[in-house]
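Asker: Next up is a structure, given as structure tokens.
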Amino acid sequence: MEEKGISQAVIRRMPRYYRYLGDLLDAGVERISSNDLSSRMNVTASQIRQDLNNFGGFGQQGYGYNVKYLYEEIGKILGLNTTHDVIIIGAGHLGQALANYVKFEKLGFMIRALFDVDPELIGQNVRGIPILPLSELPDYVKNHPVDIATLTMPKSEAAAIADELAGLGVHAIWNFAHVDLELLDADVIVENVHLSDSLMQLSYNTVKHTKEKEG
């Protein structure tokens with residue numbers, strides 16, 4: 001199926017569809033119309049149909065969508081029908097929190113190792129996942145499959161580590177360091193995540209809501 005030219009806005013909505021459909025499955029719902037899905041997600045029914053038509057549609061006129069089938073198909077689109085081997089660079093509070101989040105495994109993201117330079121952390125484990133010295137990163141990548149590297153380190157070190165990972169053949173980086181990484185290697189896909197941006201947006205909307213209530 002041709003998927004070239006699909007916008008990132010569409011891609012960003014696909015996990016939401018997957019999550020809502022999962023909730024519907026848990027509730028025992030067997031089918032749903034785009035209108036009903038729209039009311040749950042605050043996305044127009046037209047937008048839902050357009051998004052899904054990028055990948056083949058999946059609906060039947062007069063019937064709507066089979067929830068289980070659509071859930072499974074979106075999972076395949078998102079690559080959740082396979083296992084992804086993940087490492088974490090930076091075993092501080094955030095790195096350990098991510099390693100402790102067991103739902104990643106249910107989605108097929110298997111965290112295999114953490115790396116750090118702190119001698120007090122090296123040799124420990126998080127939920128059975130070892131914390132290894134950062135100096136062992138090259139040998140580890142050469143001898144183990146690594147699909148995604150997660151960066152939870154200070155921003156001053158992130159660019160150098162990202163370049164090293166690219167040189168080692170890692171093609172996907174999930175970056176939580178407080179800097180936008182832009183690698184020259186076009187084969188490396190980077191997803192920059194800024195938790196503080198989300199918090200600041202929440203702050204703005206809270207202040208705006210308060211002002212509107214006051215007057």
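The values are calculated or read from the model by the stated rules, or taken from the named source; none is laboratory data. Keep in mind it's a predicted model, so treat the numbers as computed, not measured. Backbone-built Cβ (ideal geometry, glycine too); neighbour counts: all protein chains shown. Heads up: the accessible areas ignore ligands, DNA and RNA and are worked out on the full protein's heavy atoms, side chains in. Shrake-Rupley method; radii C 1.70, N 1.55, O 1.52, S 1.80 Å.
Asker: Please give the length that would be gained between Asp26 and Glu105 if that part of the chain were fully extended, namely 0.36 nm times their separation in residues minus their C-alpha to C-alpha distance (nm, one decimal).
Answerer: 26.6 nm
Asker: How high is the FRET efficiency from Ala9 to Glu214, r the C-beta distance, R0 45 Å, rounded to 0.05?
Answerer: Computed FRET efficiency for Ala9 and Glu214: 0.85.
Asker: Calculated from the structure, P(r) over Cα pairs in 10 Å bins from 0, in percent equals which of (i) 8, 35, 38, 16, 3, 0; (ii) 7, 26, 28, 24, 13, 2, 0; (iii) 7, 32, 39, 18, 4, 0?
Answerer: (ii)
Asker: Could you check what % of the DSSP bridge pairs in region 122-215 are antiparallel, to the nearest 5?
Answerer: Expressed as a percentage, antiparallel bridges in region 122-215 total about 20.
Asker: OK, next. Under the Karplus relation 6.51 cos²θ - 1.76 cosθ + 1.60, θ = phi - 60°, what is the ordered set of whole-Hz ³J(HN,Hα) values for region 98-109, x standing for Gly and Pro?
Answerer: Residue by residue, region 98-109 yields 5, 5, 7, 7, 5, 5, 4, 5, 5, 8, x, 9 Hz.
Asker: Which of the GluC sites (Glu not before Pro) found in region 116-204 are loop residues per DSSP with 10 or fewer other Cβ atoms within 10 Å of their Cβ?
Answerer: Filter output for region 116-204: Glu120, Glu182.
Asker: While we're looking at this one, here's another question. Keeping all protein chains in the complex and leaving out DNA, RNA and ligands, what accessible area do you get for Thr206 with a 1.4 Å probe, in Å² to the nearest 10?
Answerer: My reading of the accessible area for Thr206 is about 70 Å².
Asker: Can you give me the relative contact order of region 86-215 as a percent, contacts being Cα pairs under 8 Å and 6 or more apart?
Answerer: Result for region 86-215 is 20 percent.
Asker: Residues of region 114-138 with the amide nitrogen closer than 15 Å to a label point 7 Å from the Cα of His144, along Cα-to-Cβ, please.
Answerer: Label zone hits: 114-117, 122-138.
Asker: Still on this structure: In whole percent, how big is the carbon plus sulfur part of the accessible area of region 73-194, probe 1.4 Å, protein atoms only?
Answerer: Here carbon and sulfur together make up 53 percent of the probe-accessible area.
Asker: So, for region 36-116, what is the accessible surface per residue at a probe of 1.4 Å, expressed in square angstrom?
Answerer: With the other protein chains kept in place, region 36-116 gives 51 Å² per residue.
Asker: Next question. Considering only protein heavy atoms, what per residue accessible area in square angstrom results for region 147-215 with a 1.4 angstrom probe?
Answerer: 67
Asker: Mind counting lysine pairs for me in region 1-160? Cα separation below 21 Å, and the two need to be 8 or more apart along the chain or on different chains.
Answerer: So the count works out to 6.
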